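The values are calculated or read from the model by the stated rules, or taken from the named source; none is laboratory data. Note that the coordinates shown come from a computational prediction; the quantities given were computed from them, not determined experimentally. Cβ placement follows ideal geometry from the backbone for every residue including glycine, while neighbour counts extend to all protein chains displayed.
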Amino acid sequence: MEFFRIRKDIPFMRHALVFNIVSLITFVLAIVFLSTKGLHFSIEFTGGTLMEVTYAQAPDLEKLRVKLEGDGFTDTQVQTFGTSRDVLIRVPLAKDTVTAKIGERVLASLAALPDAATNAPQLKRIEFVGPQVGKELASDGALALLLVVIGIVIYLAIRFEWRFAVSAIIANLHDVVIILGFFAFFQWEFSLPVLAAVLAVLGYSVNESVVVFDRVRETFKKKRGLTTPEVLNHAITSTISRTIITHGCTQMMVTSMLIFGGAALHFFALALTIGICFGIYSSVLVASPLVMWLGVSREQFAQPKKERPAGMTDDGAVV
Amino acid sequence: MNRYPLWKNILVVVALVFGLLYTLPNFFGEVPAVQVASVKATVKVDLQLMERIEGVLKTAGIADNGVFADANSVRVRFGATDTQLKAKDAIEKALNPDPTDATYSVALNLLSASPAWLTGIHALPMYLGLDLRGGVHFLLQVDMKGAITKRLDATASDLRAMLREKDIRHTGIAREGMAIVIHFHDADTQAKARDAIIDTQPAAVAGGGAKGLAAQPDLIIAEGGDGNDLRLTITLSEAAQRRVQEMAVKQNTGTLHNRINELGVAEPIIQQQGIDRIVVELPGVQDTAKAKDILGRTATLELRMVDEDNSTNPSVMDAAVKGQPPVGDEYYVERGGHGLLVRKQVMLTGERLTDAQPGFDNQTHEPAVHLTLDSAGARVFRDLTRDNVGKRMAILLIEKGKGEVVTAPVIRSEIGGGRVQISGRMTTQEAADTALLLRAGSLAAPMEIIEERTIGPSLGAENIKKGFDSTVGGFTAIAVFMMAYYLLFGLVSVLALSANMLFLVALLSLLQATLTLPGIAAIALALGMAIDSNVLINERIREELRGGSTPQAAITAGYERAWATILDSNVTTLIVGIALLIFGSVAVRGFAVVHCLGITTSIFSSVVLSRALVNFIYGRRKKLAALSIGQVWKPGITAK
């Protein structure tokens with residue numbers, strides 16, 4: 001089997017402006033959604049109490065809501081989770097009550113419903129997060145993102161060239177913003193695993209850019225007489241089959257998580273799916289034109305690099 | 001020719017054997033067990049205890065699957081959960097004949113069913129996080145300000161006693177905010193007091209620096225006021241504050257240990273996190289309310305004098321009931337109903353307590369708690385009782401910041417020896433609870449639960465299943481595709497991927513890193529990303545073939561040229577993993593650990609191990625015509 005039978009280099013760079021305008025529009029849209037709708041943070045960030053309760057028969061959610069409202073829990077969200085018998089209850093942080101006790105009080109309140117005798121609620125999970133923890137998580141997350149960005153820029157600048165580092169990070173941060181935009185637009189819950197997924201995507205799509213850049217560097221060294229756009233076209237074309245196959249494989253794994261992983265892994269897998277799709281797009285069609293516009297040329301690779309990794313052949317060839 | 005040197009082949013085989021060995025325990029699963037540990041420092045877990053437990057099980061007619069002992073506990077494995085429960089009751093009854101005074105904690109636990117030789121080489125199953133096994137997680141914040149005010153209260157009490165002893169007359173000493181303030185009528189006494197404090201408190205230093213400049217002053221004394229109202233204001237130095245806070249967190253952690261041990265939870269985790277936080281994880285505990293109750297109980301004892309003049313004055317008492325007690329007094333209701341006024345000044349605290357046991361009063365046969373004081377406490381108590389014969393003292397139990405007068409007896413005579421008994425209107429159960437709480441120690445500072453997570457056991461099992469299904473599903477899909485697309489090289493890639501999984505699980509088992517659901521997701525993702533290296537290699541080999549290389553040369557070139565790319569792309573991914581590891585919270589860290597390990601193992605398995613396999617298959621053939629790597633389409637041939 002062979003999927004990719006490409007006779008000539010595909011002229012990706014001819015349409016570079018179009019690709020970048022498309023991605024700029026997506027990016028701006030994502031920013032707009034983020035600023036107007038905002039992210040729907042999980043209680044891990046906002047603080048509050050989250051309970052998962054399971055019933056033998058599907059309960060009437062409206063009754064639960066009314067009962068909780070009557071018992072003084074305002075702004076409580078009651079919704080089903082996975083099946084109609086599993087109920088998720090979110091109670092926001094209240095200022096003056098002993099917040100750590102809320103879980104028990106909600107459960108007591110639910111158990112006091114008239115039909116609780118035959119259809120008793122059973123606690124599966126309680127999560128309580130105090131206000132100070134949530135704030136720290138948000139700042140730690142931002143710090144982690146910053147550290148990742150700095151680390152990657154430094155590494156790529158050393159291994160390649162600053163132009164590659166800058167374009168890779170711009171392209172990949174744009175992926176991150178777009179994922180966040182999706183989460184804002186659909187108001188999907190942004191939890192800690194999603195944050196982990198977003199950061200993993202950042203690493204993953206940088207990885208993607210690195211593969212293309214490696215080829216660009218190699219082509220500059222090996223093939224003389226090509227213009228910069230031609231070099232880029234050649235590099236992208238010769239790695240495209242690997243790009244599609246690798247991402248296809250990773251996506252198979254992620255799809256499997258979407259199917260079998262249940263509610264707990266749902267948004268994690270979703271964030272990865274979006275990340276993988278835009279990761280391909282951005283590293284191939286955004287990062288490479290950026291490198292071109294930043295003025296990459298053969299001269300930058302003329303001298304043999306000092307830091308040649310083990311295993312690299314004499315002509316400096318890499319994939 | 002593609003051959004590995006012998007050492008590389010040996011390395012691959014050793015790595016595989018290691019991987020297999022340490023992955024093995026995960027396949028045996030877990031069996032129900034009962035864990036017995038000592039809760040008293042004087043009682044050691046030894047062979048005798050093991051024999052005793054075996055005897056108990058034999059007489060009760062309960063079959064066990066092996067009894068094991070380590071330094072701290074004896075563990076008995078059982079075939080089924082109901083025998084486990086029966087055995088727990090039998091052992092509990094035999095070892096702790098008096099439930100109010102337990103010597104051993106008997107807890108239900110799960111043990112790895114793997115054979116002893118595996119356990120001997122530290123091959124243990126992966127350590128499952130709470131979200132996979134069920135249990136309770138708490139994050140507690142220690143109130144650092146509370147720790148300091150507590151320390152200041154104690155210092156104020158010391159100074160008060162010292163000034164009285166030296167007969168230096170002050171017009172009041174009290175803690176005001178974060179300082180102790182002593183009032184005087186004249187400057188002479190003020191100076192005397194200041195010198196006395198510097199003399200008796202070696203670490204104290206006067207604000208003017210006149211005398212006793214210690215290297216690291218704990219107490220800083222400042223003079224103030226004028227005319228008839230002169231003051232000495234004493235504050236804790238910053239270094240001392242920090243020390244007090246460090247000690248407070250340490251002591252609270254220790255106290256939590258004691259409390260949880262008394263309750264018999266198998267494998268609890270109690271750890272300091274950051275400067276002022278403590279993490280408590282109780283696997284298997286489902287009853288959060290009870291767990292919280294245990295953690296939150298901050299019982300300590302205080303001994304104070306009763307203000308008898310005011311307590312017998314009806315008008316003062318009326319005002320006190322309404323919330324306006326006289327200055328220096330506090331209003332309490334004694335157990336049994338009488339209100340009384342107790343002086344704020346604390347004569348003795350629970351810190352001086354070395355033991356507390358429930359028992360009965362010798363004369364009245366009422367339930368009682370017998371207390372033993374340390375030598376300093378015994379001396380204070382002797383002086384106190386000698387000086388106050390005929391007066392009433394109050395024994396207060398302070399729980400969660402609220403005090404209760406347990407008893408307020410009249411002092412009949414001097415009591416020496418440091419043995420004190422509290423009795424009065426207690427049930428046997430109350431006496432046992434009070435003793436337990438006092439014995440388990442007091443908290444050096446109040447704590448607050450700032451994060452709580454409870455996961456039911458069924459949810460834990462569900463999470464394992466979901467994580468496992470996702471991984472298997474994705475793995476199968478990738479395996480089928482790779483073999484269809486790259487044929488034999490696809491098979492090699494799949495074998496390398498399986499080896500990667502093996503190494504990852506083995507490392508996680510060996511390091512006993514906590515595996516959480518995000519961790520399982522990271523395993524799946526690591527596999528999904530690890531295949532990238534093999535795709536890179538396979539594509540490169542195809543490309544070399546397309547370019548006209550001989551099969552053997554294509555293999556060599558493919559692996560060599562792919563290596564730099566693999567290295568670069570994995571290092572960037574590793575940077576992300578490490579950032580997550582450093583800055584992530586606990587949940588994210590579970591993901592990051594696996595992510596980082598997965599990247600490392602994938603480099604080895606997809607490059608070194610798959611090369612070894614390819615060398616094994618093709619390396620020795622001199623006349624190799626073609627590679628089984630799927631169709632290699634050459635544009636030059638078909639185009640013409």
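Output the number of the condition that B:Asn463 fails; it satisfies all remaining conditions of (1) modelled with pLDDT of 90 or more; (2) buried (at least 24 other Cβ atoms within 10 Å of the Cβ).
The single condition B:Asn463 does not satisfy is (1).
Looking at region B:407-415, is at least one residue on the phi < 0 side of the Ramachandran plot, modelled with pLDDT under 80 and not in a loop (DSSP other than H, G, I, E, B)?
Yes; the residues of region B:407-415 include at least one that is on the phi < 0 side of the Ramachandran plot, modelled with pLDDT under 80 and not in a loop (DSSP other than H, G, I, E, B).
Look through A:Leu93, A:Leu64 and report the one residue that is modelled with pLDDT under 85, over 15 Å from A:Glu127 (Cβ atoms) and touching a strand residue (DSSP E or B) at 6+ places or on another chain (Cβ under 6 Å).
Going through A:Leu93, A:Leu64 in turn, just one is modelled with pLDDT under 85, over 15 Å from A:Glu127 (Cβ atoms) and touching a strand residue (DSSP E or B) at 6+ places or on another chain (Cβ under 6 Å): A:Leu64.
Looking at region B:580-594, is at least one residue within 7 Å of chain A (Cβ to nearest Cβ) and of a type in the set (S, T, N, Q)?
Yes, because at least one residue in region B:580-594 is within 7 Å of chain A (Cβ to nearest Cβ) and of a type in the set (S, T, N, Q).
State which residue is farthest from B:Gly146 (Cα to Cα) when the search covers only region B:441-457 and only residues that are surrounded by fewer than 23 Cβ atoms within 10 Å (Cβ to Cβ), of a type outside the set (Asp, Glu) and more than 7 Å from chain A (Cβ to nearest Cβ).
That would be B:Pro457.
Those residues that are in a helix (DSSP H, G or I) and without any contact (Cβ under 8 Å) to a residue 12 or more places away in the chain, I need them from region A:247-263; list them, please.
Passing the criteria: A:Gly248, A:Cys249, A:Met252, A:Met253, A:Ser256, A:Ile259, A:Phe260.
I'd like the full set of residues that are in contact with a strand residue (DSSP E or B) (Cβ under 9 Å, 6 or more places away or on another chain) and part of a loop (DSSP other than H, G, I, E, B), limited to region B:390-406.
Of everything in region B:390-406, those that are in contact with a strand residue (DSSP E or B) (Cβ under 9 Å, 6 or more places away or on another chain) and part of a loop (DSSP other than H, G, I, E, B) turn out to be B:Gly390, B:Lys391.
In region B:505-525, is there at least one residue being in contact with a Pro (Cβ under 8 Å, 6 or more places away or on another chain), more than 9 Å from every other protein chain (Cβ to nearest Cβ) and within 30 Å of B:Pro457 (Cα to Cα)?
Yes: region B:505-525 contains one or more residues that are in contact with a Pro (Cβ under 8 Å, 6 or more places away or on another chain), more than 9 Å from every other protein chain (Cβ to nearest Cβ) and within 30 Å of B:Pro457 (Cα to Cα).
Please find, within region A:197-234, the residue that is surrounded by the fewest Cβ atoms within 10 Å (Cβ to Cβ) out of those that are polar (S, T, N, Q) and in contact (Cβ under 8 Å) with a residue 24 or more places away in the chain.
This residue is A:Thr228.
Among (1) part of a helix (DSSP H, G or I); (2) aliphatic (A, V, I, L, M); (3) surrounded by fewer than 20 Cβ atoms within 10 Å (Cβ to Cβ); (4) touching a residue at least 60 places away in the same chain (Cβ under 8 Å), there is one condition A:Ala168 misses while meeting the rest; what is its number?
The single condition A:Ala168 does not satisfy is (3).
Pick from region B:552-575 the residues that are facing chain A (nearest Cβ under 7 Å) and in contact (Cβ under 8 Å) with a residue 12 or more places away in the chain: which of them is farthest from the chain's Cα centre (by Cα)?
B:Arg561
Out of B:Gln286, B:Gln324, I need the residue that is part of a loop (DSSP other than H, G, I, E, B), over 15 Å from the mean Cα position of the chain (by Cα) and at pLDDT below 75. Which one?
Matching residue, one of B:Gln286, B:Gln324: B:Gln286.
Hey, does region A:238-259 have a residue that's crowded, with 24+ Cβ neighbours inside 10 Å, modelled with pLDDT under 90, in contact with a helix residue (DSSP H, G or I) (Cβ under 8 Å, 6 or more places away or on another chain) and away from chain B (no Cβ under 11 Å)?
No, region A:238-259 contains no residue that is crowded, with 24+ Cβ neighbours inside 10 Å, modelled with pLDDT under 90, in contact with a helix residue (DSSP H, G or I) (Cβ under 8 Å, 6 or more places away or on another chain) and away from chain B (no Cβ under 11 Å).
In this structure, does B:Val17 turn out to be assigned to a helix (DSSP H, G or I), free of Cβ contacts under 8 Å to residues at least 12 places away in the same chain and not charged (D, E, K, R)?
Yes; evaluated as a whole, the condition is true for this residue.
Which one is farthest from the chain's Cα centre (by Cα), of the residues in region A:127-145 that are more than 7 Å from chain B (Cβ to nearest Cβ) and either over 19 Å from A:Gly279 (Cα atoms) or not in a helix (DSSP H, G or I) (or both)?
Looking at the filtered set, the residue picked out is A:Pro131.
Based on what the data block shows, is B:Leu502 more than 9 Å from every other protein chain (Cβ to nearest Cβ), surrounded by fewer than 24 Cβ atoms within 10 Å (Cβ to Cβ), out of contact with any Pro (no Cβ under 9 Å at 6 or more places or on another chain) and at pLDDT 90 or above?
yes
Would you mind finding the one in A:Ile43, A:Ile10 that is within 24 Å of the chain's Cα centre (by Cα) and among the β-branched types (Val, Ile, Thr)?
The conditions single out A:Ile43.
Inspect region B:97-105 for any residue being crowded, with 16+ Cβ neighbours inside 10 Å and assigned to a strand (DSSP E or B) and give the result as yes or no.
Looking for residues that are crowded, with 16+ Cβ neighbours inside 10 Å and assigned to a strand (DSSP E or B), one finds at least one in region B:97-105, hence yes.
Given the criteria polar (S, T, N, Q) and either surrounded by fewer than 24 Cβ atoms within 10 Å (Cβ to Cβ) or within 27 Å of A:Thr239 (Cβ to Cβ) (or both), does B:Thr572 qualify?
So B:Thr572 passes the test.
Among the residues of region B:57-73, is any closer than 30 Å to B:Ser605 by Cα, part of a helix (DSSP H, G or I) and either of a type in the set (A, V, I, L, M, F, W, C) or modelled with pLDDT under 85 (or both)?
No, because not a single residue in region B:57-73 is closer than 30 Å to B:Ser605 by Cα, part of a helix (DSSP H, G or I) and either of a type in the set (A, V, I, L, M, F, W, C) or modelled with pLDDT under 85 (or both).
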